[in-house]
Amino acid sequence: MTLSPAARDVLRAVAATLVADGAGRVPPDLGDRVAQKIATLPRVADRAELDLLLRLLDVAAVNLLLSGIPKPFTRMSPSQRERCLRSWATSAIPQRRKAFQALKRLTTVVHYTTPGVARAIGYPGPLSPPPKTPKPIRPVTITADTTLSCDAVVVGSGAGGGVVAAELTAAGKDVIVLEKGGYRNEADFTHQEGEALATMYDAGGLLATRDLGLVVLQGSTLGGGTVINYTTSFPTPDAVRHEWAQRHALPHFEGAEFTRSLAAVAQRIGVNTDHARPSGRDQVLIRGLERLGWHHGLLPRDVRGCPQDDSCGYCGMGCRHGAKQSTLITYLQDAAARGARIVTNCDVRQVTIAGGVATGVEARVGQHAVTVRARAVIVAAGSVHSPALLLRSGVSLPALGRHLALHPATAVLADMDEEVQPWTGTIQAHYSDQFADLDSGYGFKFETAPLHPSLQALAAPWESAAQHRDRMAKLPRTALIGILLRDRFGGRVTVDRDGGTPVVDYRLSRYDRKHLRRAIAGAAEVLEAAGAREIWLPVARTVTYRPGVGVSARHARDDWLRRVDRAGWGPNELLLVTFHQMASCRMGARARTSVVDAENRVWGIRGLYVADASTFPSASGVNPMLTVMAIAHRAAGMIL
Ligand SMILES: Cc1cc2nc3c(=O)[nH]c(=O)nc-3n(C[C@H](O)[C@H](O)[C@H](O)COP(=O)(O)OP(=O)(O)OC[C@H]3O[C@@H](n4cnc5c(N)ncnc54)[C@H](O)[C@@H]3O)c2cc1C
């Protein structure tokens, strides 16, 4: 479904209002490019909702009632249009805030990721053309409806799927890997943000919770999240292993076998702490932490020969140096070299189950149906798509899709005197666990992450085009402290009626919100100690402060926090992003409360396994990749 002509007209006017330059100019095709993005949203319901919303914005009576301006949007003056949109942005009605954020995010991200546009704010874009690296894997070409058979079919090729595929192949099994994303390697890493989001992120980077309260970022390319992730490779913390063993009755998590799996995957992907040269962002983090006397440490990373130079800030769009040891260049190459067949652009729609036994999967590659018959089906499509696939396949376990943990992330940002150039330097190198355990293992980490124009556009509050533009222009001097919260209470994945597309519902609990507030105060303190000029948050209303000195420092921060409280903690008030989705097919000791048993078998269905982040019993509290890989490594042994 594409937008109706009436909705398109309004969208053009909205897009122009959101990003017009000082002279009121916008690229003439911006509205149409945003409309094209809307047409790629995975859910029909979301597209229809936006169409309706845009048409409502052009009804004078609606605007009179909601914004006090008795005109259709397209007939308002520029300042009336800004006033109208502002009233949506900060409305007390959640649906209006949701609608505003949908339009603001789409428009500003499309605009600032257009090649060349961000040059005006000092962002250079890609630093060089990609190298001509050959592609060592030869995926199976599908040109007609096809039936294949094998010992084991693996759905998804990320941290979980890549490891399982390689381990089963190494043991002599005939393995087929089906991956929804395409095969992109160093030669395709253009480092153009818009293109990277569209080609390597799930739903082109547009996935969010149903209420848009959380942006859901996950990889969708051969190698999954491991290709675009930030290389941080923490082992599962002992306290979390203990919790999973004790509270979830899964003793193996504390055993030598799981330790061996952790060591094996860390060795294959070269985890080390020798590549932690601090970026400009990390220097700010370290300076602040040291002045406060708070903990900081080097991040373990899965890199070999990482140059840790300016280009490394673009690693979230793929590492051109082949230094990041993603499954693409490790486990999947191992598997392919030993004969595993890999099918890309292959969307698995269903697991076929007969008489309580999994017999294979049904998938699509473009127009063609692909049927795979297999003795074992291993689902590793990530924590959003694995439960969705099982639900589409008729699996009905009470815990399926529930307990979804997301490590809700946000950031406190600051304008600095120095040129931080927050898109450059080692992608992540340092962290702080000062507040990792505020209560029974729940708390938060501080890390940094590269800030390219798309994230700055998402984060920057919008009160007018001029104010948003001004914030964008400060990008080169912006520093950020990222907050990674270990969430205790989860959300849920279901599927919608049209097409079985996943729908994610998640609300930050009161408990987790308390930790988030503590995190925001702490991050602001770090930035203050590091010499920040002005500190701000990614909230719908602009809430900033200039750090005071001496006794007034505490006062200024406390006053700011009270204003943050007033700006609100609800959906689409504070920007939350999830980079880590977990626990939606959790492992446990009982079919009533979990989806897979201790050997990764889906309860009640023979030959069906799950081996990805969705099997975590709860949030890992650390960046999850290594834990996913260790679980998958052990699962391969069980499956064999
Ligand atoms: C920007 C970003 C940065 C991150 N940084 C870090 C980090 O520094 N350290 C860390 O530990 N973690 C990081 N993560 C998280 C980490 O990458 C994930 O937790 C991990 O990859 C999850 O592994 P998985 O196997 O569950 O899923 P994924 O790695 O996401 O793989 C799932 C794969 O399944 C495919 N798929 C989905 N549905 C289907 C279907 N129906 N048919 C076929 N294929 C399908 C997807 O396309 C995808 O390729 C980051 C994530 C993001 C998005």
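Below, the figures for the structure above:
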read-out: Estimated dipole of region 142-211 in Debye, rounded to 20 [Cβ of Lys and Arg +1, of Asp and Glu -1, Cα centre]; value: 140
read-out: Long pairs among K37/K98; K132/K474; K104/K132; K104/K474; K71/K98, criterion Cα-Cα beyond 26 Å; value: K132/K474; K104/K132
read-out: Length added when fully stretched, V549-R566, from 0.36 nm per residue minus Cα-Cα; value: 3.7 nm
read-out: Taking N as its residue count, the alpha carbon Rg of the chain over 2.2 N^0.38 Å; value: 0.93
read-out: Ellipticity estimate at 222 nm from DSSP helix runs (n ≥ 4, -39,500 (n - 2.57)) divided over the chain, nearest 500; value: -10500 deg cm²/dmol
read-out: Helix 551-567 vs. the chain, principal-axis angle (Cα, 0 to 90°, nearest 10); value: 80
read-out: On Cα atoms only, tilt of 30-39 relative to the major axis of the chain in degrees; value: 30
read-out: Assigned charges on the beta-carbon of Lys, Arg, Asp, Glu; the chain dipole about Cα centre (debye); value: 1140
read-out: Listed residues G366, V503, A553: farthest to the positive end of the dipole of the chain (Cβ charges); value: V503
read-out: Helix 382-392 axis, angle to the chain major axis (alpha carbon atoms, nearest 10°); value: 70
read-out: Mean separation of Cα contacts under 8 Å (6+ apart) over length of the chain, as relative contact order %; value: 19
read-out: Two-site label geometry, T2 and E362: point separation in nm, points 7 Å out along Cα→Cβ; value: 3.0
read-out: Computed lengthening from Q36 to R277, 0.36 nm per intervening residue step minus Cα-Cα distance; value: 82.7 nm
read-out: Estimated dipole of region 402-450 in Debye, rounded to 20 [Cβ of Lys and Arg +1, of Asp and Glu -1, Cα centre]; value: 400
read-out: Near-label residues of region 518-547 by backbone N, under 13 Å of a point 7 Å along Cα→Cβ of I121; value: none
read-out: FRET efficiency, 1/(1 + (r/R0)^6) with R0 35 Å, evaluated for R590 and E257 via beta carbons; value: 0.95
read-out: The chain: antiparallel DSSP beta bridges as a percent of all, rounded to 5; value: 70
read-out: Neighbour-limited loop hits for trypsin sites (Lys or Arg not before Pro), region 482-579 (at most 10 other Cβ within 10 Å; DSSP other than H, G, I, E, B); value: R497
read-out: C-alpha center-to-center spacing [region 238-295, region 10-69] in angstrom; value: 44
read-out: For L148, distant residues with modelled amide H under 5 Å away; value: T371, V372, R373
read-out: Share of carbon and sulfur in the accessible heavy-atom surface of the chain [1.4 Å probe, %]; value: 52
read-out: Largest-first ordering by accessible area, 1.4 Å probe, given options R12, R138, R47; value: R138, R12, R47
read-out: Amide H contacts under 5 Å for E463, placed H, 5+ residues apart; value: H468
read-out: Computed E for V62/E534 - FRET, C-beta separation, R0 22 angstrom, nearest 0.05; value: 0.05
read-out: Amide N proximity, region 429-468 versus T542 label position 7 Å along Cα-to-Cβ, cut-off under 18 Å; value: 456-468
read-out: Distance between region 555-585 and region 308-341 - C-alpha centres, whole angstrom; value: 34
read-out: Long-range amide H partners of V140 with built H, under 5 Å; value: I342, V343, T344
read-out: Fully extended contour minus Cα-Cα distance, from R25 to T352, at 0.36 nm per residue; value: 112.3 nm
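The values are calculated or read from the model by the stated rules, or taken from the named source; none is laboratory data. Please read these numbers as outputs of a predicted model, since none were measured by experiment. Note: ideal-geometry Cβ built from the backbone for every residue, glycine included; neighbour counts use all protein chains shown. Surface areas here come from the heavy atoms of the whole protein model, side chains and all, with no ligands, DNA or RNA. Shrake-Rupley method; radii C 1.70, N 1.55, O 1.52, S 1.80 Å.
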